[in-house]
Amino acid sequence: MKEIKGLTLEDIRKAGGKPTSGLMDLDGRKLYVETYGDIHHPAIAFLHGGPATSCVEQQEMSELLSQRYFVVSFDQYGVFRSGDIKEDERFGMKEHIDMMEQLREALEIKKWVLLGHSYGGMLVCYYTYLYPDSVESSIYENPGWDFPKNVKSIAQYYLDRYYSCHEDETEGKKAAESILAKDYTGRERECISDILKAQSYVKDLKTTMYMYSIEPEQYFCWFEKCYKELDADEAEVDKKGMFHLEKLVEAGDMLYDHRPELDKNQPPALLINGRHDPVCREDDRQYFKEHAPNGKVVVLENSAHHPRIEQKEEYLQAVFDFLEENGIK
């Protein structure tokens, strides 16, 4: 892969609001960071999901949000363009959140808005709990707050959307049904390997990507363009991402139920939920309504797991309205 230049706070300031990108040094660990918009505007930290996708999937929305805000987007540590996690290095959610706090301080941001998609929504919840004084507000886009619960929801989604039409594919159907029958209490790590196995049997990419009103090509074209520009080996990128996931599972804090933290998280909070999303379902919306002290819910009817792509205008307006309602403008 082509070498990526470094990035400093001074570089961002000199850019005068134009997009910047590069590797920022955080105590010897390299984090690939992109910024959009005027650094003097209120800041949004945009967290991708996965684990182990990339901020590539957020570029279009980052540019749109930068009309009014300073957007900081990045590949999570150990993912794609960011630095490699060492074999003997402990790395879990807590370590990643500590890095995010280092990034906030390096950018001299007093407080920022956290916006997280899927697993990024879990990071938002945990970060807000650990560093409440650093958070202006929290925005959750189809968050995965509880992995074992989410895995069961996804298995049911496969059964309803795919195997209801492909009953002859018995091995995959059996794998999904076994997830629903299993109690993961005390053995939460198994849910990751179980859902990866169940997913491997589903032959429809639109289903495994949890898409409703868009096609996979509309998502993957950005990655293909980025891989080509960097001369990146997709297999190596995937291998690096899997190691990132293995480290998170090894640390274990990714497998906790993070929903109870909502009760303790006091900043204004917004939940953006695609009506057809298999990860964040109606019971999660209800939990959020009952437990987020300053919470608001927006449901986008023509979306599944990627509403920032599937209904980008409605998504953007929901974020703008929420932040302006809370005086963040």
Being in a loop (DSSP other than H, G, I, E, B) and in contact with a strand residue (DSSP E or B) (Cβ under 6 Å, 6 or more places away or on another chain) is the filter here, so list the residues in region 103-133 that pass it.
Ile109, Lys111
Within region 276-298, take every residue that is buried (at least 23 other Cβ atoms within 10 Å of the Cβ) and not β-branched (Val, Ile, Thr) and give me the one that is farthest from Thr128 (Cα to Cα).
Asp277
Going through region 299-311 in order, the residues found to be buried (at least 17 other Cβ atoms within 10 Å of the Cβ) and either part of a loop (DSSP other than H, G, I, E, B) or out of contact with any Leu (no Cβ under 6 Å at 6 or more places or on another chain) (or both) are Leu300, Ser303, Ala304, His305, His306, Arg308, Ile309, Glu310, Gln311
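Every residue, every condition in (1) modelled with pLDDT under 95; (2) under 25 Å from Ile97 (Cβ atoms); (3) of a type outside the set (S, T, N, Q), yes or no:
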site	(1), (2), (3)
Met242	no, yes, yes
Glu250	no, yes, yes
Asp253	no, yes, yes
Arg259	no, yes, yes
Asp263	no, yes, yes
His276	no, no, yes
Glu282	no, no, yes
Asn294	yes, yes, no
Leu316	no, no, yes
Tell me whether region 254-274 contains one or more residues that are assigned to a helix (DSSP H, G or I), of a type outside the set (Asp, Glu), closer than 18 Å to Gly49 by Cβ and touching a Cys at 6+ places or on another chain (Cβ under 8 Å).
yes
Number of positions in region 137-175 that are of a type in the set (D, E, K, R) and buried (at least 23 other Cβ atoms within 10 Å of the Cβ)
1
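Results for (1) out of contact with any Asp or Glu (no Cβ under 6 Å at 6 or more places or on another chain); (2) under 23 Å from Ile154 (Cα atoms), shown as yes or no for each residue.
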residue	(1), (2)
Asp277	yes, yes
Arg281	yes, yes
Glu290	yes, no
Asn294	yes, no
Glu301	yes, yes
Ala304	no, yes
In this structure, is Leu262 more than 28 Å from Phe91 (Cβ to Cβ), surrounded by 20 or more Cβ atoms within 10 Å (Cβ to Cβ) and either not aromatic (Phe, Trp, Tyr) or not assigned by TED's automatic domain parsing to the domain that holds Gln58 (or both)?
no
Given (1) touching a residue at least 12 places away in the same chain (Cβ under 8 Å); (2) in contact with a helix residue (DSSP H, G or I) (Cβ under 9 Å, 6 or more places away or on another chain); (3) assigned by TED's automatic domain parsing to the domain that holds Gln266, Gly83 misses just (2)
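The values are calculated or read from the model by the stated rules, or taken from the named source; none is laboratory data. Predicted model only: the values in this text are computed from it and were never measured. Every residue, glycine as well, gets a Cβ built from its backbone with ideal geometry; the counts of neighbours run over all protein chains shown.
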